Structure formats: C-alpha cells, structure tokens
Amino acid sequence: MDLSAISPALLVAALMAGATPLLFAALGELVVERAGVLNLGVEGMMILGAICGFAAAVGTGSPAAGFAAAALGGAALALVFAVLTQGLLSNQVATGLALTLFGLGLSALVGQGYVGIKPPSTPRLDLGPLSDLPFLGRAIFSHDAIVYLGLAATLAVWAVLNRTRFGLSLRAVGENHDAAHALGLKVVAIRVGAILFGGAMAGIGGGYLSLVRVPQWTEGMTAGAGWIALAIVVFASWRAGRVLMGAYLFGGVSVLQLNLQAAGAAVPVEILSMSPYLATILVLAVMSARRKRGTAAPASLGRSFRAPG
Amino acid sequence: MTERREDDRVAAPLLQIEGVTKAYPGVVANDGVDLSVRPGEIHALLGENGAGKSTLVKMIFGLVAPDSGTMRIDGARHAPASPQAARAAGIGMVFQHFSLFEALDVAENVALGMSDPPPRRALARRIAEVSRAYGLPLDPGRIVGDLSAGERQRIEIVRALLGRPRLLIMDEPTSVLTPREVEILFATLRQLRAEGVAILYISHKLEEIRALCDRATILRGGRVVATSTPALDSAARLAELMVGHRLEAPARAGTAQEAVALELDRLSLPPAHAFGTALHDISLTLHRGEVLGIGGVAGNGQDELLAALSGERLAPRGSVTLDGADVSRRGPAARRRLGLSVAPEERLGHAAAPDMSLTENALVTAAAGQRLTRWGFVDWRATRAFAARVIERFDVRTRGPGTAAGALSGGNLQKYVIGREIAQAPRVLAVNQPTWGVDAAAAARIRQSLLDLAAEGAGVIVISQDLDELMELSDRFAALNGGRLSPFRPAPGLSMEEIGLMLGGADEREAARAS
C-alpha cells in the first residue's frame, strides 16, 4: 500500500466538492422538516434536478443556466408533492416515496438523448491571491461558485431559522400547526414555500452531480445520495451547522476510502465502501444522543394540517 | 356597587354584536347571538360545552367568519379577516388549549403572537415590564416545555397584553390552574378592568364567575338564553339557565365496608423520565364501597401514582395488593382481569385512541373482561353491543359506536372512557382528573356514576385538582406533595383551611418556582 500517493490538499478539495450535493439536499430537507413536512422524495428531486440541469447546460452552453434549471426541476417536482400533501392532504410518507420513484423514472426518460455527452465545464471561482496560498489555495480556495454557495446557504439557513421573524414562524408551524393557525400564521402557505425551497435545493445538489462531480449523465446517478441527505438531517438533530458537519464528514470519508482503495489498502473493498455511512451515522448518533430537549424532531413533523372551521 | 358602575357606562359598549349566526354542516353553532361588552367590565360568556362560546369568540378574533349578523367595535364595523386584523382592532385572546410552542422559548412564543414584534432584546425588556406591572413573573429565555400550566398561561396573557388590547378574551382560563394561580389571575384581571380594559371571560365555573364578573351572557344550544348580573344570581340559578334544567347534586351515601379492596404498602418508584416525580413511601388502604380523594397540584406525582396503580409501571414486590393478592409485578391487562381498572387524565392518546372508533376503543380495555374475542378473533357484534350499552347508560352524545373517539367533545369522551371501565364492574377503579374540561351536566353525571359504583361495593380512588369535586365525592381525603401522600382524613367536615394546610407544601413550592 502506498499512502504517499494520497495528497492531503487534493483530499480536502475532493471532500468539499464531494459533500456539496449532499449539503444542498440536506439543507433543503432541513427547512422542509422544520416546517413540519416530511418529504422522502429528496432522491427523486435530486435526480430530476440532475437531468434538468444537464439538459439546460448542454442546450445553452451555460453552467449557470444549468443550475437554474436544476433548481427549477427540483422545485417543480416538489410542487407536485406540495399540491398532493398540503392541498389534497395525502400521506406524506407514501407521497414522498412515490415522488422518488417518479423522479427516477422521469429523469431516465428525459435523459435518453443525453447519455455520453459532456456538459460545459463549470469554471472555478477566481479568488485572486487566495488561490495561490500554499496548501489552502489548492484545498479550499480552488472551487467553483456552487461549493461556496453551499457554505453560504448553510449560514443563511441558520440565520433565517434562528434570527428572523420568518424563520420563527416556520419553526412554529413545524412545532404546533394548530397553535400557529390560531395565531394567524399561514400554515399551508409557509409549508408550500418550504417544500419548494427544499425541492430547489435538492435540484441544485443533483445538478452539481451531473454538471461538476461526474460530469456526465447516467441513469440513477444519484445512487442514494438523497437518502443519505435525509439521514443526515435526522442525525444532525435538525440543525444547520450539524448538517454541514454531517455532509462534510460523509463526503470526507467517501473520498478517503476511494483513495485508500486506489492505494490498495489491505482492507476488504466492501468494508471501505461501507465506511462513510457507518462513520456518519456513528458520529451524528453519538452527538444527537447527548442533545437536550428542544432540539429534537419538530413536533408536527409529518402530520397533515387541515384548517378547522 | 356593580349596578352603579354599570349605569355610568350604559351609553358606550366597546363590542356590540347583533344577530350573529354561524352554521356548520349539521349544526348551528351560533343562532342570532346578541352580545355587548363595555369598557372596564368583566363580562362572562357562560355555557355548556357545545353551546357556541368558542365559535363566537373565534369570530370576534377573526378565526371564523360569521354567516350573517354584525359586529362593531366602538361603533365601527368589525369584520376581521384574520387574527392580525383583530389584534389591530385592539382585541387580545388567551386560548383555552394553550396556543404555545413547547420547543421554543418564552420570548419566541410571545413574538409569534404579535403582529409586529420588536427585536429580541427590546422584546425581552417589554416582557419584563409587563410581567412586573401585572404580577406575572416570566423568564423570557426559558423553554416553554419546561414550564408549569400556570406559567404557560402567563405567557399567553403577557403576549395578549403586549398588544395593548382594549378587549381581552379569556377562554376557560382557570381550568388548569391551582387555586393560588387562580387568585393571581383574578388580581391581574381586576387590575386590567380598573384600567378600562373590557374582558370577555368564558367559563362554566359558576363560583368564579360570581366572584369576578360584572355581567354574564348565557348561551345554550347556540342561542342567548339570558343575561344576568352574576353577583345577584345564585350559582344554582345560573347553572339552571346554562343547562336548561335543574342540576341534582350527587347523592352521597356512606357505603364504606370493612373489607379491604386495595392496599398500597410503602410504594416508592423512581421518576419515569427526566421531568417526572418520584413516589416516596405511599401507603393507603381502600375499603370496598369507599371513595378516596387525592388532591394536590399537578406534577406532584399524580400521573406516576396512577401508572403504578394501572400496572403501566411495575412496583416493588409486595407494594400493591388487590383483594389480598400481590399484583405489584403484574401488567395492566392482568390487573384489569383481576378487577383493577384505571381511567387516566389524558383522554385522547392515553385513555382512548383518537382515530379509532368507540367500538374499537371499547375492545381495547374490555376484550378480556367482557369476552369480546374468541380464539383470538374479535367478536365485533358483541363489541359493538358493549360500546352501545356504554353509550346509552352513560348518556354519551354521539351518532353511534362507529364514531371516532377524537370526534367526541371532551365531556362526552370522558363519560365514555369512564363508563367503559364502570360497565365492566371493576372491584377497584382509579381515575385521574375525571371531570377536567368537562361541562357541568356531564361532570355531575360522571361524579354520580363514580358514587354509584362505590355504592355497589367497589373501591374508588379519585385523583383530582378540583377540591370541590373531591369534597363532594370522597369519604377520606389526602394530598399528594412532591410524590409523598399525606395521611388520609375523613372528608366530611374538612374545612378549606385544613385542606390548604395539607396541600400547603405543594403551593409553597409552586410559588417558589414561579418567582
């Protein structure tokens, strides 16, 4: 085994890029769940975002248009979920699962003509002298804008949820929708908004996979990333900072185990492939086991709301 | 005194409601209701559950739109489209079922109820100001889930007061408060009245209304049946107006026998969860035909004691003896088979499954005792018949045994869950808060059925925070304080001062916690 082939700077760089799809999807789902809605369709929204973004980027030649289309695609699928669960009061778990299956099928259909094509490459963000720093320059300051957007989104989600009136209303709706309604908050409108945001974020996460990470279109290319995002939200106790940590931890161990595989480590490949899942769940479970009251699941999570009277 | 003050203000009602009607499919909740509330008066809205009180105030607060009729505030048309609009018109509301968010802190909860909350630090300062001015101590940083019922209500009141309301609506505010907390609340309300705030006070507790309110409007079946000056009318007269017929006080017959039905011997249990209360050395002897009353402020071990009785929590060997047999290590089903039944406080989710029908809910506790299953298969016909018997015997108002438990009003469901246990003729029945949030007629019915059960020779344990209820029912009375039970004393002849002393420890602790 030759560990010297693993470059720490490249490892960190790969970690940040690898974690970005998860980070977007998990942040979106975090907001959805804080509003009291359980959308299990993250996987479906991600992959629809992946193909919409891919198609738009190939069609226009602009990665930015691709990401916009990815967000729209994810949000469009989320709108279906919103209409069904908030308007028609369908069961959220079943609807979310159906959404995933539908998204996988629809994306395969849309993506038939795009197999084997290379998308326009997403440029790195020019950070001037920062990118020239030794180690840090290559590890942290040599990414495309989406990676930094993910970090900014984490901060923004945290700030909006914890520091603004709107975030307070959203959390209130997720805690006790009956009380929120009695106080005059628009429960359904807030939830629909959160669902659409979650869809757009999942779509961007998917778009990052097809436009930057891979970068090409393959059927089923999200390969369970949406489910990992869902798990990260739960194990992160519905907190934005921990979602970032969970996503980076998962991304980091994934990258590390790939490098170890390449270096020919004397550990069975199956165990290495398992390691990101195990490590993420273990760390976040230990953290959430110590949580205090008030950071647990939103009390109205997954419950349908029908306005009385 | 009251009369003269009224005369001074007859000219200018703050809230004037004329001919308001609101119908839901199958029921007319309000039928041509007239109501006027003047500045600086506490106006009682009195009526049974389902009389239309809640619908009426929801219309005033903009949660429901009336079908017809007019509402005016200071002579101007009042048709709020939302609670925000109602708050802007100077109306504040304190809800019966707290509209609070347990996982959020006090300041966040207050901010949610305001149309335009100031930044957090300024808000915390204003909360402190208001709570000082009205004697309602509150810490803005506390998480609501950790607070007592009285403290939670303070949040609601402070939230409403921060909007500087001219009309404050209080929906059954005292149903979860201890006597001491009720006194504090009344002092606050009188202070607000003196400042010229109009208060619409919804309740069915007649003595409270007589002590507090200047005028009363009485609703029955969605119509106004009378207006009255409560201080001048007797409680019996008000009850008659409210219910529509004369209410009989439960007939008590001392039926206690020598034979012991249930014995607790130095029962101690650690708390079940971080916010629970430990039980310490609880001993009691319940005779057949006897009613034991256990009073005390909520959170002093009532739930834990009931769980130890029902078998939801197993007790140390030898500590619970039923008819001479040690049942300490037996679970709920085994105890029920032996004749020990329990009706817990929480009707929905503990005593009954809200989304299941009354028939299904009957099956849950009566399957073994009433032989409702054969070879593991449910005998639905017998189950339905049993549920229908309970419904008929205990006057549960519902369409039939197929109705979901959650669709019943609190009083009717309580009649059903207690009736379900009584219909199985238990040897011992323990109930917690049997008439919590239940209207007067249903409460009288429930109390009478408990006394009837005792008269038939069963032992009954009533755990309650309603002292009047305990005095009415009990042969002997004890208080639960921090998980310890005071010695039992004969209830007849026990004065309120003596009871206060028995409860004393709990009240002092409550006060210490509050300040």
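The values are calculated or read from the model by the stated rules, or taken from the named source; none is laboratory data. As the structure is a computational prediction, the values presented were derived from the model and not from experiment. For neighbour counting, all protein chains shown are included, and Cβ atoms are generated from backbone atoms with ideal geometry for every residue, glycine included.
Points to keep in mind about this one:
- Residue, nearest to A:Gln86 (Cα to Cα), within the stretch A:175-190, restricted to residues that are within 11 Å of chain B (Cβ to nearest Cβ) and in a helix (DSSP H, G or I): A:His177
- Pairs linking a residue in the stretch B:445-466 that is surrounded by fewer than 21 Cβ atoms within 10 Å (Cβ to Cβ) to a residue that is hydroxyl-bearing (Ser, Thr, Tyr), with Cβ atoms under 6 Å and 6 or more positions apart or on different chains, are B:Ala455/B:Thr255.
- Only residues that are in a helix (DSSP H, G or I) and out of contact with any Pro (no Cβ under 6 Å at 6 or more places or on another chain) were counted across the stretch A:55-69, and they come to 10.
- Scanning the stretch B:113-142 for residues that are of a type outside the set (Ser, Thr, Tyr), within 25 Å of B:Leu200 (Cβ to Cβ) and in contact (Cβ under 8 Å) with a residue 40 or more places away in the chain yields B:Gly113, B:Met114, B:Gly135, B:Leu136.
- Residue that is at pLDDT 90 or above, more than 14 Å from every other protein chain (Cβ to nearest Cβ) and over 20 Å from A:Arg239 (Cβ atoms), where the choices are A:Gly198, A:Gly137, A:Gly193, A:Gly150: A:Gly193
- Here B:Pro118 does not qualify as in a loop (DSSP other than H, G, I, E, B), surrounded by 19 or more Cβ atoms within 10 Å (Cβ to Cβ) and not β-branched (Val, Ile, Thr).
- Test: residue in the stretch B:408-427 that is crowded, with 21+ Cβ neighbours inside 10 Å, part of a strand (DSSP E or B) and among the β-branched types (Val, Ile, Thr): no
- Residue in the stretch B:125-144 that is within 10 Å of another protein chain (Cβ to nearest Cβ) and more than 22 Å from B:Thr188 (Cβ to Cβ) present: yes
- Among the residues of the stretch A:153-174, those identified as free of Cβ contacts under 8 Å to residues at least 40 places away in the same chain, aliphatic (A, V, I, L, M) and facing chain B (nearest Cβ under 10 Å) are A:Leu168, A:Ala172.
- Odd one out for B:Glu392 among (1) out of contact with any strand residue (DSSP E or B) (no Cβ under 8 Å at 6 or more places or on another chain); (2) crowded, with 24+ Cβ neighbours inside 10 Å; (3) assigned to a helix (DSSP H, G or I); (4) not small (Gly, Ala, Ser): (2)
The rows are residues; the columns are (1) within 12 Å of chain A (Cβ to nearest Cβ); (2) assigned to a loop (DSSP other than H, G, I, E, B).
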| site | (1), (2) |
| --- | --- |
| B:Gly62 | yes, yes |
| B:Gly69 | no, no |
| B:Arg72 | no, no |
| B:Pro80 | yes, yes |
| B:Gly92 | yes, no |
| B:Met114 | yes, yes |
| B:Leu123 | yes, no |
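- Qualifying positions in the stretch A:195-207 - crowded, with 24+ Cβ neighbours inside 10 Å and either in contact with a Phe, Trp or Tyr (Cβ under 7 Å, 6 or more places away or on another chain) or aliphatic (A, V, I, L, M) (or both): A:Ile195, A:Met201, A:Ala202, A:Ile204, A:Gly205, A:Gly207
- Residue count, the stretch A:223-275 (criterion: surrounded by fewer than 18 Cβ atoms within 10 Å (Cβ to Cβ), closer than 23 Å to A:Gly49 by Cβ and not hydrophobic (A, V, I, L, M, F, W, C)): 1
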